[in-house]
1. What number of residues within region 414-425 satisfy the criterion of being hydrophobic (A, V, I, L, M, F, W, C) and more than 8 Å from the ligand (Cβ to nearest atom)?
2. Restricting attention to region 381-413, and to residues there that are more than 11 Å from the ligand (Cβ to nearest atom) and part of a strand (DSSP E or B), which single residue is farthest from ALA310 (Cα to Cα)?
3. So, of the residues in region 302-320 that are aliphatic (A, V, I, L, M) and away from the ligand (no atom under 12 Å from the Cβ), which turns out to be farthest from the chain's Cα centre (by Cα)?
4. In region 438-480, what residues are surrounded by fewer than 23 Cβ atoms within 10 Å (Cβ to Cβ), among the small types (Gly, Ala, Ser) and under 15 Å from PRO72 (Cβ atoms)?
5. Being in a loop (DSSP other than H, G, I, E, B) and at pLDDT 95 or above narrows it down to one residue among THR417, THR421; which is it?
6. Identify all residues within region 220-257 that are farther than 15 Å from ASP210 by Cα, in contact (Cβ under 8 Å) with a residue 40 or more places away in the chain and not hydrophobic (A, V, I, L, M, F, W, C); write none if there are none.
7. Among the listed residues LEU66, LEU37, LEU82, LEU56, which satisfies the condition of being touching a residue at least 24 places away in the same chain (Cβ under 8 Å) and within 25 Å of the chain's Cα centre (by Cα)?
8. I'm trying to understand the selection: among the residues of region 23-68, which are of a type in the set (Gly, Ala, Ser), in a helix (DSSP H, G or I) and surrounded by 13 or more Cβ atoms within 10 Å (Cβ to Cβ)?
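The values are calculated or read from the model by the stated rules, or taken from the named source; none is laboratory data. On a predicted model such as this, the values are computed, not experimentally measured, just so you know. Note: ideal-geometry Cβ built from the backbone for every residue, glycine included; neighbour counts use all protein chains shown.
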Amino acid sequence: MTQSPGQGQALDNLLTESRTFPPSDEFAAQANAQPELYEEAKADREAFWAKQAERLHWDTKWTQVLDWSDAPFAKWFVGGKLNVAYNCVDRHVESGHGDQVAIHWEGEPGDSRAITYAELQREVCKAANALKSLGIGAEDRVAIYMPMVPEAIFSMLACARLGAMHSVVFGGFSAEALRTRIEDSSCKLVITTDGQFRRGNPFPLKPAVDEAVAAAPSVEKVLVVRRTGSEVAWSDKDVWWHELVDGQSDVHTPEAFDSEHPLFILYTSGTTGKPKGILHTSGGYLTQASYTQHYVFDLKPDTDVYWCTADIGWVTGHSYIVYGPLSNRVTQVVYEGTPNTPHEGRHWEIVQKYGVSIYYTAPTLIRTFMKWGADIPAKYDLSSLRVLGSVGEPINPEAWIWYRENVGGGKAPIVDTWWQTETGAIMISPLPGVISTKPGSAQQPLPGIGAKVVNDEGVEVPHGGGGYLVLDEPWPSMLRGIWGDEERYRDTYWSRFGEQGFYFAGDGAKYDADGDIWLLGRVDDVMNVSGHRISTTEVESALVSHPTVAEAAVVGASDATTGQGIVAFVILRGGAGSDAGGAEAIKALRDHVAKEIGPIAKPRQIMVVPELPKTRSGKIMRRLLRDVAENRAVGDVTTLADSSVMDLISAGLQSGKSED
Ligand code: PRX
């Protein structure tokens, strides 16, 4: 397998990790999950999922649990009809919980808002009526490009209510990234804000929308929420949220849609420059989001206060801020801003303020907290925390232990949850109260889920062995395709182990001696930077689109805080970059990548080199570049067409290194 030396080292570290943390008797006794859940799912998988689907309100019950006859295109809960928004909002009001707070929203500048389920229902109905008045109906695509404000959640639910598909684009993406996503799925409407608060300052957001929409003819209207109050340019497509939505009726009758009715598209990076529009549908997706929220987080809707720190621009925000929690009648915190504004204790201050009991975040943030120091969380009362979660990348045992000790009071179970945009919901994770946790391992597929580690031939490896992670059974929240590209869907996920019919996740993994799964990172050209997926090709295309660049190669190098950092090697065209150390040229390139993709894709380092290491067939040997980027001795160069290239690169580096 194409495992990098970096991954090999990580593996060695993991192998020395043998601590386990059994749940306390007290936790186990009250846990939603009991050991029988595994037995039940094993005994009859489809009956198990049918039972989980009963967590939802169906207007029409399904006649068949799973139809896999058209594999790899699954149909779950065939013939069933439901409304996703009704399941997340209205039914809780109808069951007498209208006064329960659904969302404790905390703005970065310190403003806050408590939104009850009754209020959420009114807001979602008004938004649905407003969208309808703009001509939005079933299966229309709506782009949502917003910061973490309540209206973003209202908008997603309003789309779901109308059967329209949302395509949420992370607010940190550039105008160009937004335009390509709008264009790919022909969005009719864009919902945005004037701006957003970041690190204590208002930043404009609408100008990026203006730029994207100018080149995206499918867009008929732009609905704009006022958040920062900054001045914005205005066109005849633009409509203020407060002018249109606030005056709408707060009553809207939801329509029941087919279980396989499309719910949303979410773009994620693949191994080519073009992001993939991952398609999710309604009944199966909501079933698994709801089931996992209940069992993996041990959610008790009457007493817990839950907080997932993700942004709605990523799948975690979709499944574990909107659909999973709300379908379970959660009370949750939604925070708008950055973790160190106005100080590095902001998260812990919020935990203390609301009595947060379940906290779900990413390893990169935990490592950042570690850097800031354990004395910061120690200043706050975190005794309300009883379950901690981790997602987005492998968590190193050191960060896991720090999290447990300094955030979880040495006792809160940590659920390390492995899943992907494509899987829609959590797939591999310990169940708190049932499984003894291990620092750094996601451990076991959830009841009802089939996952294995296999070798190149698709044969399961023995305990202690490593290979590729595959999913060997269809699951309810699986993607139903890539928007507009059936072939890419088959190629990317179903061809590598086509014979066996396995879904190829793109991750390396290993079994330990007990058969627990340890994730080892991507095995393809996808980087994981602060838990965000960015493809090397995407950054390379951005770089070569700059007039000074002749050629570029990008690698993900291990990074103590962000997991991986983006390191680019570029060959400049004659004459470019001849100023002192090429510093100006490098700055221009970093800014160019931010403009093409977004600041998250800015290379950590750009190295100007005279040549790139290539095989005789012209393939760039990234392994060698990764050695350079990670300051290691360069590995085997015998397959290079010109083995002196690495010497040239090393010599050139002395002058062309840029870091900030
Ligand atoms: O490599 C795995 C890593 O993140 C990838 C999925 O990225 P994305 O679709 O952006 O979704 C992130 C949030 C679900 C996976 O292929 N990944 C995610 N969670 C974990 C992980 N790697 C190790 N351990 C995890 N818990």
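1. Total meeting the criteria: 3.
2. Among those that are more than 11 Å from the ligand (Cβ to nearest atom) and part of a strand (DSSP E or B), it is VAL387.
3. Restricting to residues being aliphatic (A, V, I, L, M) and away from the ligand (no atom under 12 Å from the Cβ), the top hit is VAL305.
4. Passing the criteria: only GLY450.
5. Unique residue meeting the criteria: THR421.
6. ARG227, ASP246, GLN248, SER249, ASP250, HIS252, PRO254, GLU255
7. Exactly one of LEU66, LEU37, LEU82, LEU56 is touching a residue at least 24 places away in the same chain (Cβ under 8 Å) and within 25 Å of the chain's Cα centre (by Cα), namely LEU56.
8. Correct list: ALA28, ALA41, ALA50, ALA53.
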